[in-house]
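Before any comments, here is the structure.
The values are calculated or read from the model by the stated rules, or taken from the named source; none is laboratory data. Fair warning: this is a prediction, and the values are worked out from it, not measured in the lab. Every residue, glycine as well, gets a Cβ built from its backbone with ideal geometry; the counts of neighbours run over all protein chains shown. Surface areas here come from the heavy atoms of the whole protein model, side chains and all, with no ligands, DNA or RNA. Shrake-Rupley method; radii C 1.70, N 1.55, O 1.52, S 1.80 Å.
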Amino acid sequence: MVSKAIILVCDGMADRRCSALGGLTPLQAARPKSFDWVASRGECGLMDPISPGVPPGSDTAHLAILGYDPYKHYTGRGAFEALGAGIELEPNDVAFRCNFATVNDEGIVVDRRAGRISNEDAEALSESLNDIRLVRNSDVKIMFKHTVEHRGVLVLRGEGLSRFVSDIDPHKVGVKFLHSKPLTDSPAAKKTADVLNELVEISRRVLAEHEVNKRRIKCGQPPANVVLPRGAGTLPVLEKLPTKFGIRAAVIAGGAVYKGVCKAAGFDVLDVKGATGTVSTDLDAKMRAAVSAIKIYDLVFLHVKATDVVSHDKNPVKKVEIISRVSEAFSTILSEVNLEDTCITITSDHTTPSEIGEHTGDPVPVALYAPGARYGGVERFDEVSCASGTLGRIRGVDLMPTIMNFLGKVPMYGE
Ligand code: ZN
Ligand code: ZN
């Protein structure tokens, strides 16, 4: 038995064969040394994050990896974003992720990121949105919080709200932003759609008159003249992991949604300076933070987003470079933690083929090192090599019990 576990999830790291890499996957091309070390001394296999062939969202994949069946527990992405942004959600709140965007006079979205607006500008605009008071729906309180660049979180607080409403965000440019519609017949869904539509109406007036936008127009920058909410969600009711397994757990991640899923599962969120959830994230800072955290916590969940970012950018060559960088940074963990007392797992939350640029339903490689682990036959950490490992093929929800078994934290079933 060991008493500690570290899980490294590189978002969208798994891939398919890439012609730009001579028919190799980015993992095969990168030959990441520290990952290979874990694979050659660990139980390796393939993992279907949700179910074979089902392309997972990052939110549902993470729920599964933490041991929660996403088909039972998923209540929309917005709540995770809000939790990850540090908002304390109440059970009746409905939360959305939002973009600051630019629309023309006809309401057609011309830039979904408002020229990748700076944090300073977005922060100033967010504050003005927080002052909005609705008229038709005066009983509903609005909370808006800026996160990174053009992104933010919107929370609606009040009685009789529902997450079953459609997005304002059309998810593409060149079309008008949408009216939210109720997705069920319930009065709550009708009311929530109306709240969203009223909010967007008022916010457009507030944003149009804002000094920041006047300055942006003068300087030739696209104004952030609309907010586009999407991904309505409510707080999921989850049995917290620390309670379930009797452990202390912490998460280190840049992106809000990953912090949010882990927070919903009872993890402490450790903020690391330089952990941005982008390609320029400070990997060394995150690794050092994990080394410190594992002295206090039993489980440290470490998330790296950059692998998914370059996959969506359809850049397999850059993906190879990022994988190599993560692997090199990860060697700090292998050299600093007590490997006699720590289970180390490396995996990915889904496949994002970098020649497709979207998530697909392929399984992902997983390698699990622990003293006594039944390893053998695998030398490298990649999508093909891991397939012949001793772990076989597991589902995302199997991963957490598999790890906790090495910590002796899974109660015996039967006598
Ligand atoms: Zn993901
Ligand atoms: Zn992605």
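Of the residues GLY23, GLY12, GLY115, GLY45, which is without any contact (Cβ under 8 Å) to a residue 12 or more places away in the chain and either assigned by TED's automatic domain parsing to the domain that holds ALA370 or touching a Lys or Arg at 6+ places or on another chain (Cβ under 9 Å) (or both)?
Result of the check over GLY23, GLY12, GLY115, GLY45: GLY23.
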Practice problem: Might you check whether a residue that is open to solvent by less than 40 Å² (accessible area, probe 1.4 Å), in a helix (DSSP H, G or I) and under 20 Å from PHE100 (Cβ atoms) occurs anywhere in the range 185-193? | Solution: no
Quiz item: Where residues in the range 43-101 are in a helix (DSSP H, G or I) and more than 14 Å from ligand 1 (Cβ to nearest atom), which of them is nearest to GLY357 (Cα to Cα)?
Solution: GLY78
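With the structure loaded, tell me whether ILE344 is out of contact with any Ser or Thr (no Cβ under 7 Å at 6 or more places or on another chain) and either among the aliphatic types (A, V, I, L, M) or surrounded by 22 or more Cβ atoms within 10 Å (Cβ to Cβ) (or both) or whether it fails that test.
Against the criterion (out of contact with any Ser or Thr (no Cβ under 7 Å at 6 or more places or on another chain) and either among the aliphatic types (A, V, I, L, M) or surrounded by 22 or more Cβ atoms within 10 Å (Cβ to Cβ) (or both)), ILE344 qualifies.
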Exercise. Specify the residue that is farthest from ILE247 (Cα to Cα); the eligible residues are those in the range 376-411 that are crowded, with 17+ Cβ neighbours inside 10 Å and among the basic types (Lys, Arg).
Key: ARG380
Quiz prompt | Qualifying residues in the range 12-33 (those that are part of a helix (DSSP H, G or I) and open to solvent by 10 Å² or more (accessible area, probe 1.4 Å)) - the one nearest to VAL364 (Cα to Cα) | solution = GLN28
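Looking only at the range 333-376, how many residues end up being assigned to a loop (DSSP other than H, G, I, E, B), out of contact with any Leu (no Cβ under 8 Å at 6 or more places or on another chain) and within 16 Å of ligand 1 (Cβ to nearest atom)?
Looking only at the range 333-376, we keep the residues that are assigned to a loop (DSSP other than H, G, I, E, B), and these are 337-341, 348-350, 352-359, 361-363, 370-376.
Still in the running and out of contact with any Leu (no Cβ under 8 Å at 6 or more places or on another chain): 337-341, 348-350, 352-359, 361-362, 370, 372-376.
Add one more test, that the residue is within 16 Å of ligand 1 (Cβ to nearest atom), and what stays is 348-350, 352-354, 356-359, 361-362.
Residues flagged as assigned to a loop (DSSP other than H, G, I, E, B), out of contact with any Leu (no Cβ under 8 Å at 6 or more places or on another chain) and within 16 Å of ligand 1 (Cβ to nearest atom) within the range 333-376 amount to 12.
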Exercise. Only one of these is touching a strand residue (DSSP E or B) at 6+ places or on another chain (Cβ under 9 Å), open to solvent by 10 Å² or more (accessible area, probe 1.4 Å) and of a type outside the set (Phe, Trp, Tyr): ALA256, ALA306, ALA249. Name it.
Key: ALA256
Quiz prompt | Filter result (of a type in the set (A, V, I, L, M), under 24 Å from the mean Cα position of the chain (by Cα) and either within 16 Å of ligand 2 (Cβ to nearest atom) or open to solvent by less than 20 Å² (accessible area, probe 1.4 Å) (or both)) within the range 39-65 | solution = MET47, ILE50, VAL54, ALA61, LEU63, ALA64, ILE65
Quiz item: Among the residues of the range 101-141, which ones are under 13 Å from LEU199 (Cα atoms), surrounded by 21 or more Cβ atoms within 10 Å (Cβ to Cβ) and among the β-branched types (Val, Ile, Thr)?
Solution: VAL140
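Give the residues of the range 212-262 that are among the small types (Gly, Ala, Ser) and not in a helix (DSSP H, G or I), sorted by residue number.
From the range 212-262, those among the small types (Gly, Ala, Ser) are 220, 224, 231-233, 246, 249-250, 253-256, 260; that's our starting set.
Those that are among the small types (Gly, Ala, Ser) and not in a helix (DSSP H, G or I): GLY220, ALA224, GLY231, ALA232, GLY233, GLY246, ALA249, ALA250, ALA253, GLY254, GLY255.
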Quiz item: What pairs come up if the first residue lies in the range 175-201 and is of a type in the set (Lys, Arg), the second is open to solvent by 40 Å² or more (accessible area, probe 1.4 Å), and their beta carbons are under 6 Å apart, counting only those six or more places apart or on different chains?
Solution: LYS176/ILE108; LYS190/PRO182; LYS191/GLY160
Exercise. Taking PHE330 as meeting all but one of (1) surrounded by 24 or more Cβ atoms within 10 Å (Cβ to Cβ); (2) in a loop (DSSP other than H, G, I, E, B), write down the number of the exception.
Key: (2)
Quiz item: What are the pairs, 6+ residues apart or on separate chains, where a residue within the range 356-375 that is within 24 Å of SER311 (Cα to Cα) and touching a residue at least 12 places away in the same chain (Cβ under 8 Å) has its Cβ under 6 Å from a residue that is of a type in the set (Lys, Arg) and within 16 Å of ligand 2 (Cβ to nearest atom)?
Solution: GLY357/LYS314
